[in-house]
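**Student:** Sharing a structure, written as C-alpha coordinates. Questions coming.
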Amino acid sequence: MNKEKVTIVGAGPSGLFCAYQLLKRGYAVDLYDQMSGVGKKFLIAGDGGLNITHSEDLKTFATRYGKNEEAFSSLLNDFSPQDLRSWCEELEVKTFVGTSGRVFPEKLKAAEILLNWLKVLKSYQNFNLFLKHRLLNVSNDKELTFEGELKVKASTVIFALGGASWGKTGSDGKWNELFENLGIEVEPFLPMNCGFERPWSEHFISKVDRTPLKNITIKVGNQKVRGEVMLTPFGMEGGGIYALSNIIRDYILKEGKCFINLDLKPDFDNETILKKIKAKKPKDSLSNHLRKALKLDKAAIVLLRELTNRDTFEKPEYLAEQIKNLKVELFSMRPLSEAISTSGGVSFTGLTSDLEVKSIPGMYVVGEMLDWEAPTGGYLLQGCFSTAWRVVEAITK
Ligand SMILES: Cc1cc2nc3c(=O)[nH]c(=O)nc-3n(C[C@H](O)[C@H](O)[C@H](O)COP(=O)(O)OP(=O)(O)OC[C@H]3O[C@@H](n4cnc5c(N)ncnc54)[C@H](O)[C@@H]3O)c2cc1C
(Lines give C-alpha, C1' and ligand atoms only; values in the text may rest on other atoms or scores of the structure.)
Protein backbone atom coordinates (compact mmCIF):
# COMPACT_ATOMS: atom_id res chain seq x y z
CA MET A 1 0.00 0.00 0.00
CA ASN A 2 3.06 2.33 0.29
CA LYS A 3 2.43 5.43 -1.76
CA GLU A 4 4.35 8.67 -2.08
CA LYS A 5 5.88 10.28 1.03
CA VAL A 6 4.41 13.58 2.23
CA THR A 7 6.45 15.92 4.41
CA ILE A 8 4.49 17.96 6.96
CA VAL A 9 5.97 20.77 9.03
CA GLY A 10 3.98 21.82 12.09
CA ALA A 11 2.41 19.33 14.51
CA GLY A 12 -0.58 21.29 15.75
CA PRO A 13 -4.11 20.00 15.00
CA SER A 14 -3.84 20.99 11.29
CA GLY A 15 -0.60 19.10 10.65
CA LEU A 16 -1.61 16.14 12.81
CA PHE A 17 -4.93 15.83 11.00
CA CYS A 18 -3.19 15.83 7.60
CA ALA A 19 -0.85 13.11 8.91
CA TYR A 20 -3.77 11.01 10.17
CA GLN A 21 -5.73 11.18 6.91
CA LEU A 22 -2.69 10.60 4.68
CA LEU A 23 -1.50 7.57 6.68
CA LYS A 24 -5.01 6.14 6.55
CA ARG A 25 -4.88 6.38 2.77
CA GLY A 26 -1.55 4.55 2.56
CA TYR A 27 0.84 7.48 2.26
CA ALA A 28 4.11 7.71 4.18
CA VAL A 29 4.38 10.80 6.40
CA ASP A 30 7.39 12.58 7.87
CA LEU A 31 6.14 15.14 10.42
CA TYR A 32 8.45 17.84 11.79
CA ASP A 33 7.95 20.29 14.66
CA GLN A 34 10.27 22.63 16.51
CA MET A 35 8.84 21.77 19.94
CA SER A 36 9.59 18.79 22.17
CA GLY A 37 5.95 17.63 21.97
CA VAL A 38 3.03 17.90 19.56
CA GLY A 39 -0.19 19.94 19.80
CA LYS A 40 0.96 22.32 22.54
CA LYS A 41 -1.57 25.04 21.63
CA PHE A 42 -4.33 22.45 21.20
CA LEU A 43 -3.67 21.28 24.78
CA ILE A 44 -3.86 24.88 26.02
CA ALA A 45 -7.10 25.36 24.09
CA GLY A 46 -8.49 22.51 26.17
CA ASP A 47 -7.67 24.23 29.46
CA GLY A 48 -10.95 26.13 29.69
CA GLY A 49 -13.01 23.38 27.96
CA LEU A 50 -12.10 22.42 24.39
CA ASN A 51 -14.72 23.89 22.08
CA ILE A 52 -14.01 21.78 19.03
CA THR A 53 -16.73 23.04 16.70
CA HIS A 54 -20.27 24.45 16.65
CA SER A 55 -23.65 22.85 15.92
CA GLU A 56 -25.25 25.74 14.00
CA ASP A 57 -26.30 25.32 10.37
CA LEU A 58 -23.56 25.46 7.74
CA LYS A 59 -24.79 28.69 6.15
CA THR A 60 -24.56 30.60 9.44
CA PHE A 61 -21.32 28.79 10.28
CA ALA A 62 -19.66 30.04 7.07
CA THR A 63 -20.56 33.68 7.87
CA ARG A 64 -18.25 33.47 10.92
CA TYR A 65 -15.26 33.65 8.56
CA GLY A 66 -16.14 37.19 7.41
CA LYS A 67 -14.44 38.12 4.16
CA ASN A 68 -13.55 34.46 3.59
CA GLU A 69 -17.17 33.27 3.90
CA GLU A 70 -17.33 31.92 0.36
CA ALA A 71 -14.10 29.93 0.63
CA PHE A 72 -15.16 28.48 3.99
CA SER A 73 -18.63 27.67 2.77
CA SER A 74 -17.01 25.30 0.29
CA LEU A 75 -14.45 24.00 2.82
CA LEU A 76 -17.19 23.28 5.40
CA ASN A 77 -19.24 21.54 2.77
CA ASP A 78 -16.38 19.11 2.17
CA PHE A 79 -15.48 18.58 5.84
CA SER A 80 -18.34 19.69 8.05
CA PRO A 81 -18.73 20.11 11.82
CA GLN A 82 -20.61 16.78 11.77
CA ASP A 83 -17.63 15.15 9.99
CA LEU A 84 -15.38 16.52 12.72
CA ARG A 85 -17.63 15.03 15.42
CA SER A 86 -17.63 11.67 13.60
CA TRP A 87 -13.85 11.78 13.44
CA CYS A 88 -13.74 12.34 17.24
CA GLU A 89 -15.89 9.20 17.55
CA GLU A 90 -13.34 7.41 15.35
CA LEU A 91 -10.81 8.32 18.08
CA GLU A 92 -13.26 7.00 20.68
CA VAL A 93 -13.98 10.47 22.00
CA LYS A 94 -17.67 11.32 22.37
CA THR A 95 -18.78 14.92 21.87
CA PHE A 96 -21.82 16.85 23.08
CA VAL A 97 -23.60 20.08 22.18
CA GLY A 98 -23.62 22.62 25.01
CA THR A 99 -26.54 24.97 25.72
CA SER A 100 -24.90 27.65 23.55
CA GLY A 101 -24.73 25.28 20.58
CA ARG A 102 -20.98 24.87 20.97
CA VAL A 103 -19.58 21.35 20.65
CA PHE A 104 -17.22 19.88 23.27
CA PRO A 105 -15.56 16.51 23.87
CA GLU A 106 -17.33 14.75 26.75
CA LYS A 107 -14.34 15.15 29.08
CA LEU A 108 -13.90 18.76 27.89
CA LYS A 109 -10.11 18.39 27.60
CA ALA A 110 -7.87 18.07 24.55
CA ALA A 111 -5.53 15.51 26.13
CA GLU A 112 -7.73 12.45 25.48
CA ILE A 113 -8.13 13.33 21.79
CA LEU A 114 -4.42 14.01 21.39
CA LEU A 115 -3.42 10.80 23.15
CA ASN A 116 -5.67 8.60 21.01
CA TRP A 117 -4.69 10.55 17.88
CA LEU A 118 -0.97 9.94 18.50
CA LYS A 119 -1.59 6.28 19.28
CA VAL A 120 -3.13 5.86 15.81
CA LEU A 121 -0.32 7.80 14.09
CA LYS A 122 2.37 5.78 15.83
CA SER A 123 0.68 2.52 14.83
CA TYR A 124 1.70 3.18 11.21
CA GLN A 125 5.19 1.96 10.26
CA ASN A 126 5.45 4.59 7.55
CA PHE A 127 5.07 7.46 10.05
CA ASN A 128 8.11 9.35 11.33
CA LEU A 129 7.90 12.15 13.88
CA PHE A 130 10.84 14.55 14.15
CA LEU A 131 10.49 16.77 17.21
CA LYS A 132 12.86 19.64 18.09
CA HIS A 133 13.32 20.31 14.37
CA ARG A 134 13.04 24.01 13.71
CA LEU A 135 12.46 24.95 10.08
CA LEU A 136 14.94 27.66 9.05
CA ASN A 137 14.62 27.88 5.31
CA VAL A 138 12.55 26.72 2.34
CA SER A 139 13.66 26.89 -1.29
CA ASN A 140 11.60 27.08 -4.48
CA ASP A 141 12.41 23.44 -5.23
CA LYS A 142 10.98 22.39 -1.84
CA GLU A 143 14.26 21.83 -0.08
CA LEU A 144 13.70 22.40 3.64
CA THR A 145 16.55 23.35 5.96
CA PHE A 146 16.15 22.61 9.65
CA GLU A 147 18.26 23.83 12.53
CA GLY A 148 21.45 21.76 12.72
CA GLU A 149 22.02 21.92 8.93
CA LEU A 150 19.57 19.08 8.21
CA LYS A 151 18.31 19.38 4.63
CA VAL A 152 15.21 17.54 3.41
CA LYS A 153 14.13 17.47 -0.22
CA ALA A 154 10.35 17.06 -0.31
CA SER A 155 8.25 16.09 -3.31
CA THR A 156 5.02 17.08 -1.54
CA VAL A 157 5.10 19.33 1.50
CA ILE A 158 2.33 20.67 3.75
CA PHE A 159 3.05 23.65 5.99
CA ALA A 160 0.92 23.82 9.15
CA LEU A 161 2.95 26.33 11.15
CA GLY A 162 0.09 28.09 12.97
CA GLY A 163 -0.49 31.76 13.77
CA ALA A 164 1.59 34.17 15.83
CA SER A 165 0.14 34.12 19.34
CA TRP A 166 1.12 32.13 22.42
CA GLY A 167 4.70 31.77 21.11
CA LYS A 168 5.60 29.47 24.00
CA THR A 169 3.48 26.76 22.33
CA GLY A 170 5.72 26.98 19.24
CA SER A 171 3.32 29.14 17.22
CA ASP A 172 5.75 32.05 17.00
CA GLY A 173 4.86 33.27 13.49
CA LYS A 174 8.53 33.61 12.67
CA TRP A 175 7.99 31.58 9.49
CA ASN A 176 6.55 34.62 7.67
CA GLU A 177 9.95 35.72 6.33
CA LEU A 178 10.65 32.27 4.87
CA PHE A 179 7.50 32.51 2.81
CA GLU A 180 7.99 36.13 1.78
CA ASN A 181 11.46 35.13 0.52
CA LEU A 182 9.72 32.65 -1.80
CA GLY A 183 7.59 35.48 -3.22
CA ILE A 184 4.48 34.17 -1.41
CA GLU A 185 2.14 36.94 -0.24
CA VAL A 186 1.91 37.04 3.56
CA GLU A 187 -0.46 39.48 5.29
CA PRO A 188 0.82 41.04 8.54
CA PHE A 189 -0.34 39.33 11.74
CA LEU A 190 -2.97 41.08 13.84
CA PRO A 191 -4.49 39.97 17.14
CA MET A 192 -7.94 38.35 17.00
CA ASN A 193 -10.04 37.20 19.95
CA CYS A 194 -7.99 39.54 22.11
CA GLY A 195 -8.39 41.96 24.99
CA PHE A 196 -8.33 45.77 24.71
CA GLU A 197 -6.78 48.49 26.79
CA ARG A 198 -8.03 51.67 28.40
CA PRO A 199 -6.78 53.57 31.43
CA TRP A 200 -8.76 53.10 34.64
CA SER A 201 -8.48 55.16 37.82
CA GLU A 202 -6.43 53.69 40.67
CA HIS A 203 -9.62 53.43 42.69
CA PHE A 204 -11.23 51.31 39.97
CA ILE A 205 -8.22 49.00 39.71
CA SER A 206 -8.21 48.52 43.46
CA LYS A 207 -11.91 47.52 43.38
CA VAL A 208 -12.04 45.48 40.18
CA ASP A 209 -9.45 42.92 39.19
CA ARG A 210 -10.52 40.32 36.66
CA THR A 211 -14.17 40.65 37.59
CA PRO A 212 -16.75 39.41 35.08
CA LEU A 213 -19.83 41.29 33.97
CA LYS A 214 -22.11 38.42 33.04
CA ASN A 215 -24.98 38.29 30.59
CA ILE A 216 -24.70 41.81 29.21
CA THR A 217 -24.83 43.01 25.61
CA ILE A 218 -21.94 44.69 23.87
CA LYS A 219 -22.51 46.82 20.80
CA VAL A 220 -20.04 48.27 18.37
CA GLY A 221 -21.21 49.95 15.17
CA ASN A 222 -24.23 47.91 14.10
CA GLN A 223 -22.96 44.62 15.61
CA LYS A 224 -24.31 43.44 18.92
CA VAL A 225 -23.54 40.33 20.98
CA ARG A 226 -24.68 39.02 24.32
CA GLY A 227 -22.03 37.54 26.57
CA GLU A 228 -19.50 38.17 29.28
CA VAL A 229 -16.97 40.95 29.66
CA MET A 230 -14.03 40.57 32.01
CA LEU A 231 -12.86 43.80 33.66
CA THR A 232 -9.09 43.74 34.06
CA PRO A 233 -6.52 46.26 35.34
CA PHE A 234 -5.55 47.01 31.72
CA GLY A 235 -9.06 47.23 30.23
CA MET A 236 -11.45 44.53 29.07
CA GLU A 237 -11.44 41.01 27.65
CA GLY A 238 -13.73 37.96 27.66
CA GLY A 239 -16.10 36.17 25.28
CA GLY A 240 -18.31 39.17 24.48
CA ILE A 241 -15.30 41.31 23.60
CA TYR A 242 -13.57 38.54 21.64
CA ALA A 243 -16.64 38.09 19.46
CA LEU A 244 -16.36 41.70 18.32
CA SER A 245 -12.58 41.95 18.51
CA ASN A 246 -11.90 42.26 14.77
CA ILE A 247 -14.35 45.17 14.52
CA ILE A 248 -12.96 46.90 17.63
CA ARG A 249 -9.39 46.26 16.42
CA ASP A 250 -10.10 47.72 12.96
CA TYR A 251 -11.68 50.88 14.47
CA ILE A 252 -8.63 51.33 16.69
CA LEU A 253 -6.21 50.83 13.79
CA LYS A 254 -8.13 53.41 11.74
CA GLU A 255 -9.15 55.96 14.31
CA GLY A 256 -6.90 55.36 17.33
CA LYS A 257 -9.87 54.41 19.52
CA CYS A 258 -13.19 52.61 19.54
CA PHE A 259 -16.39 53.27 21.45
CA ILE A 260 -18.37 50.26 22.59
CA ASN A 261 -21.77 50.43 24.25
CA LEU A 262 -22.71 48.12 27.08
CA ASP A 263 -26.25 47.26 28.08
CA LEU A 264 -25.86 46.06 31.66
CA LYS A 265 -29.49 44.91 31.91
CA PRO A 266 -30.52 43.66 28.46
CA ASP A 267 -33.68 41.95 29.72
CA PHE A 268 -35.21 45.16 31.12
CA ASP A 269 -36.32 48.18 29.11
CA ASN A 270 -35.53 51.74 30.21
CA GLU A 271 -38.93 52.25 31.78
CA THR A 272 -38.70 49.11 33.96
CA ILE A 273 -35.23 50.08 35.12
CA LEU A 274 -36.37 53.60 35.97
CA LYS A 275 -39.37 52.27 37.90
CA LYS A 276 -37.10 49.94 39.87
CA ILE A 277 -34.62 52.72 40.65
CA LYS A 278 -37.41 54.99 41.83
CA ALA A 279 -38.75 52.29 44.17
CA LYS A 280 -35.76 52.85 46.46
CA LYS A 281 -36.68 53.28 50.12
CA PRO A 282 -35.04 56.29 51.84
CA LYS A 283 -33.20 54.07 54.34
CA ASP A 284 -31.48 52.00 51.57
CA SER A 285 -28.19 53.05 49.97
CA LEU A 286 -28.56 53.37 46.18
CA SER A 287 -25.82 50.79 45.52
CA ASN A 288 -27.56 48.24 47.73
CA HIS A 289 -30.89 49.02 46.14
CA LEU A 290 -29.46 48.58 42.61
CA ARG A 291 -27.97 45.26 43.64
CA LYS A 292 -31.25 44.02 45.08
CA ALA A 293 -33.87 45.51 42.77
CA LEU A 294 -31.96 45.23 39.49
CA LYS A 295 -29.59 42.39 40.39
CA LEU A 296 -26.82 44.69 39.21
CA ASP A 297 -23.57 43.24 40.49
CA LYS A 298 -20.90 45.16 42.36
CA ALA A 299 -18.56 45.34 39.36
CA ALA A 300 -21.28 46.91 37.21
CA ILE A 301 -21.89 49.57 39.86
CA VAL A 302 -18.16 50.32 40.17
CA LEU A 303 -17.98 50.56 36.37
CA LEU A 304 -20.93 52.96 36.26
CA ARG A 305 -19.29 55.15 38.90
CA GLU A 306 -15.98 55.06 36.99
CA LEU A 307 -17.43 56.05 33.62
CA THR A 308 -20.21 58.49 34.43
CA ASN A 309 -20.51 61.90 36.07
CA ARG A 310 -20.55 62.24 39.82
CA ASP A 311 -24.21 63.23 39.84
CA THR A 312 -25.36 60.25 37.69
CA PHE A 313 -26.47 58.40 40.77
CA GLU A 314 -28.62 61.34 41.86
CA LYS A 315 -30.68 61.46 38.66
CA PRO A 316 -32.73 58.26 38.18
CA GLU A 317 -33.53 59.03 34.51
CA TYR A 318 -29.87 59.52 33.64
CA LEU A 319 -28.79 56.49 35.68
CA ALA A 320 -31.34 54.28 33.88
CA GLU A 321 -30.02 55.56 30.54
CA GLN A 322 -26.44 54.75 31.51
CA ILE A 323 -27.35 51.24 32.68
CA LYS A 324 -28.89 50.58 29.25
CA ASN A 325 -26.23 52.32 27.21
CA LEU A 326 -22.88 52.75 28.92
CA LYS A 327 -20.24 54.08 26.57
CA VAL A 328 -16.69 52.71 27.00
CA GLU A 329 -13.72 54.00 25.06
CA LEU A 330 -11.01 51.47 24.16
CA PHE A 331 -7.65 52.65 22.87
CA SER A 332 -5.34 49.75 22.04
CA MET A 333 -5.13 45.99 21.59
CA ARG A 334 -3.40 43.70 24.06
CA PRO A 335 -0.15 42.28 22.65
CA LEU A 336 -0.33 39.80 19.77
CA SER A 337 1.37 37.17 21.95
CA GLU A 338 -1.68 37.07 24.29
CA ALA A 339 -4.38 36.78 21.64
CA ILE A 340 -6.31 33.51 21.32
CA SER A 341 -5.76 33.62 17.57
CA THR A 342 -4.27 35.83 14.89
CA SER A 343 -5.45 37.09 11.55
CA GLY A 344 -2.93 37.56 8.77
CA GLY A 345 -0.62 34.92 7.35
CA VAL A 346 -0.38 33.31 3.92
CA SER A 347 -2.82 35.09 1.63
CA PHE A 348 -5.39 33.01 -0.27
CA THR A 349 -4.57 35.02 -3.41
CA GLY A 350 -1.32 33.10 -3.97
CA LEU A 351 -3.03 29.70 -3.50
CA THR A 352 -5.27 27.51 -5.62
CA SER A 353 -8.66 26.45 -4.21
CA ASP A 354 -6.81 23.28 -3.09
CA LEU A 355 -4.57 25.54 -0.95
CA GLU A 356 -1.54 24.72 -3.11
CA VAL A 357 0.99 27.52 -3.66
CA LYS A 358 0.33 28.59 -7.26
CA SER A 359 4.01 29.27 -7.99
CA ILE A 360 5.32 26.06 -6.33
CA PRO A 361 3.30 22.94 -7.21
CA GLY A 362 3.37 20.31 -4.46
CA MET A 363 3.58 22.92 -1.68
CA TYR A 364 0.43 23.33 0.46
CA VAL A 365 -0.59 25.52 3.40
CA VAL A 366 -3.23 24.68 6.06
CA GLY A 367 -4.67 25.87 9.35
CA GLU A 368 -4.17 29.09 11.24
CA MET A 369 -1.13 30.10 9.19
CA LEU A 370 -3.55 31.02 6.39
CA ASP A 371 -4.96 34.55 6.34
CA TRP A 372 -8.42 34.04 7.85
CA GLU A 373 -10.03 34.91 11.14
CA ALA A 374 -13.04 33.76 13.11
CA PRO A 375 -14.44 34.32 16.60
CA THR A 376 -14.18 31.75 19.38
CA GLY A 377 -16.98 29.17 19.42
CA GLY A 378 -15.23 26.22 17.75
CA TYR A 379 -14.79 28.09 14.46
CA LEU A 380 -10.98 28.19 14.74
CA LEU A 381 -10.43 24.46 15.10
CA GLN A 382 -13.12 23.64 12.54
CA GLY A 383 -11.32 25.99 10.11
CA CYS A 384 -8.05 24.15 10.76
CA PHE A 385 -9.59 20.69 10.19
CA SER A 386 -11.54 21.73 7.08
CA THR A 387 -8.49 23.31 5.40
CA ALA A 388 -6.40 20.24 6.28
CA TRP A 389 -9.06 17.95 4.78
CA ARG A 390 -9.07 19.96 1.53
CA VAL A 391 -5.32 19.53 1.12
CA VAL A 392 -5.38 15.79 1.88
CA GLU A 393 -8.14 15.33 -0.69
CA ALA A 394 -6.11 17.27 -3.28
CA ILE A 395 -2.93 15.25 -2.66
CA THR A 396 -4.67 11.89 -2.71
CA LYS A 397 -6.97 12.59 -5.64
C1 LIG B 1 -5.91 29.94 25.09
C2 LIG B 1 -6.44 29.39 23.79
C3 LIG B 1 -7.68 28.78 23.77
C4 LIG B 1 -8.19 28.31 22.55
N5 LIG B 1 -9.41 27.70 22.57
C6 LIG B 1 -9.94 27.26 21.40
C7 LIG B 1 -11.19 26.60 21.39
O8 LIG B 1 -11.76 26.28 22.45
N9 LIG B 1 -11.73 26.28 20.19
C10 LIG B 1 -11.10 26.55 19.00
O11 LIG B 1 -11.66 26.27 17.93
N12 LIG B 1 -9.86 27.10 18.99
C13 LIG B 1 -9.28 27.47 20.15
N14 LIG B 1 -8.03 28.04 20.15
C15 LIG B 1 -7.32 28.20 18.86
C16 LIG B 1 -6.70 26.88 18.34
O17 LIG B 1 -5.96 26.28 19.37
C18 LIG B 1 -5.78 27.20 17.16
O19 LIG B 1 -6.51 27.86 16.16
C20 LIG B 1 -5.16 25.92 16.58
O21 LIG B 1 -4.30 25.31 17.53
C22 LIG B 1 -4.35 26.20 15.32
O23 LIG B 1 -3.90 24.97 14.83
P24 LIG B 1 -2.69 24.87 13.79
O25 LIG B 1 -2.35 23.41 13.72
O26 LIG B 1 -3.04 25.56 12.54
O27 LIG B 1 -1.49 25.67 14.46
P28 LIG B 1 -0.79 25.48 15.89
O29 LIG B 1 -1.65 24.72 16.82
O30 LIG B 1 -0.38 26.83 16.26
O31 LIG B 1 0.47 24.56 15.55
C32 LIG B 1 1.54 25.05 14.78
C33 LIG B 1 2.75 24.14 15.00
O34 LIG B 1 3.80 24.57 14.11
C35 LIG B 1 5.04 24.52 14.81
N36 LIG B 1 5.99 25.47 14.20
C37 LIG B 1 5.85 26.81 14.04
N38 LIG B 1 6.95 27.34 13.45
C39 LIG B 1 7.80 26.29 13.23
C40 LIG B 1 9.11 26.20 12.65
N41 LIG B 1 9.77 27.27 12.16
N42 LIG B 1 9.69 24.97 12.58
C43 LIG B 1 9.05 23.85 13.04
N44 LIG B 1 7.83 23.90 13.61
C45 LIG B 1 7.21 25.10 13.71
C46 LIG B 1 4.69 24.89 16.24
O47 LIG B 1 5.66 24.41 17.15
C48 LIG B 1 3.32 24.25 16.42
O49 LIG B 1 3.41 22.95 16.97
C50 LIG B 1 -7.46 28.47 21.34
C51 LIG B 1 -6.20 29.06 21.37
C52 LIG B 1 -5.69 29.52 22.59
C53 LIG B 1 -4.31 30.15 22.60
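**Student:** From 284, 250, 267, which residue is part of a helix (DSSP H, G or I), of a type in the set (Asp, Glu) and outside the structural domain of residue 373 (by TED's automatic domain parsing)?
**Tutor:** So the residue among 284, 250, 267 that is part of a helix (DSSP H, G or I), of a type in the set (Asp, Glu) and outside the structural domain of residue 373 (by TED's automatic domain parsing) is 250.
**Student:** Then there is this: Could you tell me which residue of segment 1-13 is nearest to the ligand (Cβ to nearest atom), considering only residues that are open to solvent by 10 Å² or more (accessible area, probe 1.4 Å) and under 16 Å from residue 393 (Cβ atoms)?
**Tutor:** Of everything passing the filter in segment 1-13, 4 is nearest to the ligand (Cβ to nearest atom).
**Student:** Restricting attention to segment 83-108, which residues are outside any strand (DSSP E or B) and touching a strand residue (DSSP E or B) at 6+ places or on another chain (Cβ under 9 Å)?
**Tutor:** Of everything in segment 83-108, those that are outside any strand (DSSP E or B) and touching a strand residue (DSSP E or B) at 6+ places or on another chain (Cβ under 9 Å) turn out to be 84, 85, 88, 89, 93, 94, 98, 100, 101, 106.
**Student:** Also: Say we look at segment 171-212 and pick out the residues that are away from the ligand (no atom under 16 Å from the Cβ), in a strand (DSSP E or B) and at pLDDT 95 or above; which of these is most open to solvent (accessible area, probe 1.4 Å)?
**Tutor:** 188
**Student:** Turning to a different aspect of this structure: With a cut-off of at least 2 residues that are more than 9 Å from the ligand (Cβ to nearest atom) and within 26 Å of residue 69 (Cβ to Cβ), name the strands (runs of 3 or more DSSP E) lying wholly within segment 319-397.
**Tutor:** Counting at least 2 such residues, we get 341-346, 363-365.
**Student:** Inside segment 9-80, counting only helices (runs of 4 or more DSSP H) that do not spill past its ends, which hold 3 or more residues that are farther than 17 Å from residue 120 by Cβ and in contact with a helix residue (DSSP H, G or I) (Cβ under 7 Å, 6 or more places away or on another chain)?
**Tutor:** Helices (runs of 4 or more DSSP H) meeting the threshold: 40-45, 58-63, 69-78.
**Student:** Can you name the residue in segment 334-372 that is more than 21 Å from residue 40 (Cβ to Cβ) and acidic (Asp, Glu) and, of all such residues, is surrounded by the most Cβ atoms within 10 Å (Cβ to Cβ)?
**Tutor:** Once the filter is applied, the top-ranked residue is 371.
**Student:** What pairs can you find where one residue is in segment 105-134 and open to solvent by 60 Å² or more (accessible area, probe 1.4 Å), the other is more than 11 Å from the ligand (Cβ to nearest atom) and aromatic (Phe, Trp, Tyr), and their Cβ atoms are less than 7 Å apart, with a gap of 6+ or different chains?
**Tutor:** Between residues of segment 105-134 that are open to solvent by 60 Å² or more (accessible area, probe 1.4 Å) and residues that are more than 11 Å from the ligand (Cβ to nearest atom) and aromatic (Phe, Trp, Tyr), the close pairs are 106/96.
**Student:** A follow-up question, please. Being in the same structural domain as residue 137 (by TED's automatic domain parsing), near the ligand (Cβ under 8 Å from one of its atoms), within 22 Å of the chain's Cα centre (by Cα) and at positive phi: is that true of residue 48 here?
**Tutor:** No, not satisfied.
**Student:** I would also like to ask the following. Looking at segment 14-33, which of the residues that are out of contact with any strand residue (DSSP E or B) (no Cβ under 7 Å at 6 or more places or on another chain) and touching a residue at least 24 places away in the same chain (Cβ under 8 Å) is surrounded by the most Cβ atoms within 10 Å (Cβ to Cβ)?
**Tutor:** Looking at the filtered set, the residue picked out is 14.
**Student:** List the residue pairs whose Cβ atoms are under 9 Å apart, where the first residue sits in segment 47-61 and is open to solvent by less than 60 Å² (accessible area, probe 1.4 Å), the second is basic (Lys, Arg) and near the ligand (Cβ under 7 Å from one of its atoms), and the two are 6 or more positions apart or on different chains.
**Tutor:** Qualifying pairs under 9 Å: none.
The values are calculated or read from the model by the stated rules, or taken from the named source; none is laboratory data. In this text, all values refer to a predicted model and were calculated from it rather than measured experimentally. FYI the Cβ positions are ideal-geometry reconstructions off the backbone, even for glycines, and counts take in every protein chain you see. The protein model used for the area step is the full one, side chains on, heavy atoms only, and it has no ligands, DNA or RNA in it. Shrake-Rupley method; radii C 1.70, N 1.55, O 1.52, S 1.80 Å.
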